[in-house]
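A quick write-up on the structure given underneath.
The values are calculated or read from the model by the stated rules, or taken from the named source; none is laboratory data. What you see is a predicted model; the values in this text were computed from it and never measured. Using ideal geometry, Cβ is built from the backbone for each residue, glycine included, and neighbour counts are taken over all protein chains shown.
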Amino acid sequence: MPHLLLSRSRTRLVAILIALAPLSVHGADSDASVRVPAAARQLLENSCVDCHADESGDGGFDASTLGADLSNPRTIATWQRVFDRVQLGEMPPRDAETLAPKARKQFLEATSDWITTTQLSEFAARGRVRARRLTTLQLERTLHDLLSIDIPLAALVPEDPRVDGFTNIASAQAMSHFQLDSHLNIVDAALDEAFARASTEESPHTKTLTAKQIARSNPNQRCREPEMLDGKAVIWSGNVTFYGRIKSTTAPKDGWYRIKVTASAMNKPKDHGVWCTVHTGFCTSGAPLMSWVGSFEATDEPTERTFEAWIPKGQMFEIRPGDGTLKRGRFKGGQVGAGEGTPQNLPGVAFHQIQIEEIHPGGDRQAVRATLFGDLKLSKQGKSNRLELDKDVTRAELHSQLNRFAHHAFRRPVSKLELQPYAELLSSVLENQGNPLEALRSSYRAILCSARFMYLVEPTSTKQENSKPSRAPLDDFAIASRLSYFLTGTMPDTELFQLARQHRLRDPKVLVSQIDRLLDNGGQQQFVTDFTAQWLDLVDINFTEPDRKLYPRFDSVVQNAMLAETHHYIDTLLSKNASVDQLVRSDFTFLNSRLARFYGIDGVTGDAMQLVKLDKGSSRGGLLAQGSILKVTANGTTTSPVLRGVWVCDRILGQPVPPPPESVPAIEPDIRGAKTIRDQLEMHRNHTECASCHSKIDPPGFALESFDAAGQWRKHYAIPGKGNRKGPPVDSSYQLSDGRPFDGFNQFRALIASEKKLLARNFAEKLLVYGTGAPIAFADRQTIEQMVDSTSDDNYGMRSLLNAVVLSPLFLSK
């Protein structure tokens, strides 16, 4: 090394040693000072300072800024990264002086003990999980269950911020005046709906429509409603906006409706039926947004399909052929006249009958009344059809009902002192207005706006008696809430409440039985949908739309089948306790006929998702080959090995990649096809600060280049604007960061599938973050290792991993 650099480095060492001066970190239960270990200071001085002496240090790392205050998030994150890179052998780099095994061991042991002890002291004082607010989805479902209602509420509050994909991270949950106002709006909307349903007597809306009633009222009018043809109401395949709207299905009021559609295909293709989409909306140019309801494959025989949807007043159903591969008709002027589709020999859908029924998934009227009023009696007052509480209801009866409601809302028993403010409010409204119904409503409103409802209150069961820092166990009611919100996204049910009262939820056998109960009877399907929306970023499935000129076979039917494929796949892995390696490699998947055609897989018929055994050598088994994953990791036009590689590292391998240094420009794809993305990345990797991260990012990124932005297999890149002209060939071969080569996607998938413990650790960590609302801390690592090792006899089964997460001290502690 040049003398000038050496001199500068030694001068900067003074600043480093000052920054690493001993710093005391005091926990609530310990007076011992936690100091930077001598081994850590020695390693920085002897092996790091020459290359990382200032802000221009390699990789953008300036060792002189590395302090000792582990309460600073940036400081502890940097120490963890230093630890990890030394542990993995990435630092010092291969072209530097080798680190002596003894020095390396001493550094790792001392630094690990230092960080772990410091964090455990903090956890003992404040808890691993800080105050955690109900997410928007949890708030909506909790109000639904608490009040036995079912109206959409999530749109009334701001979207939750996502941290590493998850919306329930406590440290990211702010509470502003605007959010409080939004919360009040959602509470008022919920109470308005509950009290309106409880105090009225109305018959549900039902209707049976014949084909004539489904079709346009004026057969000679050019419009966008079905036409009558041979006793059936028909919609042809076409591009006219809102073509397929059915005005006779217009909702008379806001509500959930069940629709049963009996339909058959017209002029269907030889090898498949006519895939149709079902949407709802106002179906006018002034309100163009449509809501997805479902899809079905119409065949020659009339078949009944059932769908359920929330429909605002004035909206209607639109049902039309939605398969992007079908021949489309040409209609002039944005309208369709009767008889214009027949001579074009178009595929279409014929409606025979439609039945519509208003439903209440949250509970019937009696359930709402039981929730709001318990044993209190209702009766008609005067000539009005509205019901009121009996005037002779006593204040003691009202207080008893208030206590019952507060118990359920707060998800734990309520003391007299805790109930007092709400009881005083009830008494005040009674004295001023004399209306017991309004008194209850006002008190309920106050309860639902309190911190005890809005936040997951998680007190511990005992005080820490051991002087050594340790985790504080949750009480049984906190366990009930944590388990319920983890698996169902809503408040605990009656059985969980009862077990909490009996103090039985710390019994491992009881906990496992409750996991089984909550996930049975469709509960697991809901859990999988909720969890994968965040873990796998499936919530972003609509964020981009593949370019139809580049990917003409992609459509909304395909996209929703892709989501269903992933949901069914994970659900099956959990049900069978499949080994975690099947997350990335298996010999089966779930398809319907439309998705199978899109993937180029023969022999699949019907519109139901079904388990399909894949041919030997198929590239479709596992998450990384599923269209939903490939779509959310692309931008709709092009793919990026960097974006997909980062996603795989974080979501599947549990090796999150830090953001690049600000001095390094992003790579934009060369749409001219002059340079492949591989050529551009090769130049990118020449930056010293990029090489270490790209050694992890590039292998999965290049492997997934065999799939385009719509999730189809490809051998060549497409060139936008060049029609069907092929671009450069796809090269998906590369090598893993440890040097193991692979010749393409299938071999890459086999290599990472062999890393079962790595995959198991990541899956367990993602479950823990989702279940507790706290990121994985350094001090959690040893416990997670033990948790994962406990499932090795089950071949790291996915259901075993889920059970191990719930039984772990990380899940059962504050």
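Data overview
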{"read-out": "Close pairs from the range 545-573: first of a type in the set (V, I, T), partner not in a helix (DSSP H, G or I), Cβ under 6 Å, at least 6 apart", "value": "V557/W275; V557/S295; V557/G322; T566/Q626"}
{"read-out": "Some residue of the range 280-287 being surrounded by fewer than 17 Cβ atoms within 10 Å (Cβ to Cβ), modelled with pLDDT under 95, of a type in the set (A, V, I, L, M, F, W, C) and assigned by TED's automatic domain parsing to the domain that holds G255", "value": "yes"}
{"read-out": "Candidates V805, V788, V769 - the one that is among the aliphatic types (A, V, I, L, M), touching a Pro at 6+ places or on another chain (Cβ under 7 Å), under 22 Å from E755 (Cα atoms) and in contact (Cβ under 8 Å) with a residue 24 or more places away in the chain", "value": "V769"}
{"read-out": "Enumerated helices (runs of 4 or more DSSP H) restricted to the range 693-810, each holding at least 2 residues that are out of contact with any Leu (no Cβ under 9 Å at 6 or more places or on another chain), charged (D, E, K, R) and surrounded by fewer than 22 Cβ atoms within 10 Å (Cβ to Cβ)", "value": "756-772, 781-789"}
{"read-out": "Pairs with Cβ under 7 Å, 6+ apart, first in the range 290-310 and closer than 20 Å to T241 by Cα, second outside any strand (DSSP E or B)", "value": "W292/S556; W292/N560; S295/G322; S295/V557; S295/N560; F296/D607"}
{"read-out": "The range 211-222, subset farther than 27 Å from W256 by Cα and either outside the structural domain of T284 (by TED's automatic domain parsing) or touching a Gly at 6+ places or on another chain (Cβ under 9 Å) (or both), residue modelled with the highest pLDDT", "value": "R222"}
{"read-out": "The listed residue being under 18 Å from V604 (Cα atoms) and either among the acidic types (D, E) or not assigned by TED's automatic domain parsing to the domain that holds V278 (or both), out of A578, A561", "value": "A561"}
{"read-out": "Matching entry among T206, T135, T142, T200 (being touching a strand residue (DSSP E or B) at 6+ places or on another chain (Cβ under 7 Å) and under 26 Å from P312 (Cβ atoms))", "value": "T206"}
{"read-out": "Test: residue in the range 549-560 that is at negative phi and at pLDDT below 90", "value": "yes"}
{"read-out": "The listed residue being surrounded by 14 or more Cβ atoms within 10 Å (Cβ to Cβ), β-branched (V, I, T) and over 17 Å from N803 (Cβ atoms), out of T490, T494", "value": "T490"}
{"read-out": "Unmet requirement for A53, which otherwise passes all of (1) at pLDDT below 75; (2) in contact with a Ser or Thr (Cβ under 7 Å, 6 or more places away or on another chain); (3) under 26 Å from K814 (Cβ atoms)", "value": "(3)"}
{"read-out": "Condition met for G348 (small (G, A, S), within 28 Å of R222 (Cβ to Cβ), surrounded by fewer than 21 Cβ atoms within 10 Å (Cβ to Cβ) and at pLDDT 95 or above)", "value": "no"}
{"read-out": "The range 211-231 - residue that is hydrophobic (A, V, I, L, M, F, W, C) and part of a helix (DSSP H, G or I) and, of those, nearest to G334 (Cα to Cα)", "value": "I214"}
{"read-out": "The range 293-314 - residue that is over 28 Å from the mean Cα position of the chain (by Cα) and small (G, A, S) and, of those, surrounded by the fewest Cβ atoms within 10 Å (Cβ to Cβ)", "value": "G314"}
{"read-out": "Qualifying strands (runs of 3 or more DSSP E) (wholly inside the range 306-419; at least 2 residues being touching a strand residue (DSSP E or B) at 6+ places or on another chain (Cβ under 9 Å) and either closer than 30 Å to P552 by Cβ or hydroxyl-bearing (S, T, Y) (or both))", "value": "316-321, 348-359"}
{"read-out": "Helices (runs of 4 or more DSSP H) wholly inside the range 99-202 that include at least 3 residues being out of contact with any Pro (no Cβ under 9 Å at 6 or more places or on another chain), surrounded by fewer than 18 Cβ atoms within 10 Å (Cβ to Cβ) and among the aromatic types (F, W, Y)", "value": "none"}
{"read-out": "Strands (runs of 3 or more DSSP E) completely within the range 232-289 that count 3 or more residues being under 30 Å from G363 (Cα atoms) and either without any contact (Cβ under 8 Å) to a residue 40 or more places away in the chain or under 30 Å from the mean Cα position of the chain (by Cα) (or both)", "value": "255-266, 274-281"}
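Here is a yes/no grid of residues against (1) under 27 Å from M266 (Cβ atoms); (2) hydroxyl-bearing (S, T, Y); (3) at pLDDT below 95:
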{"site": "A174", "(1), (2), (3)": "no, no, yes"}
{"site": "A189", "(1), (2), (3)": "no, no, no"}
{"site": "A198", "(1), (2), (3)": "no, no, yes"}
{"site": "L209", "(1), (2), (3)": "yes, no, no"}
{"site": "R224", "(1), (2), (3)": "yes, no, no"}
{"site": "L229", "(1), (2), (3)": "yes, no, no"}
{"site": "W236", "(1), (2), (3)": "yes, no, no"}
{"site": "K247", "(1), (2), (3)": "yes, no, no"}
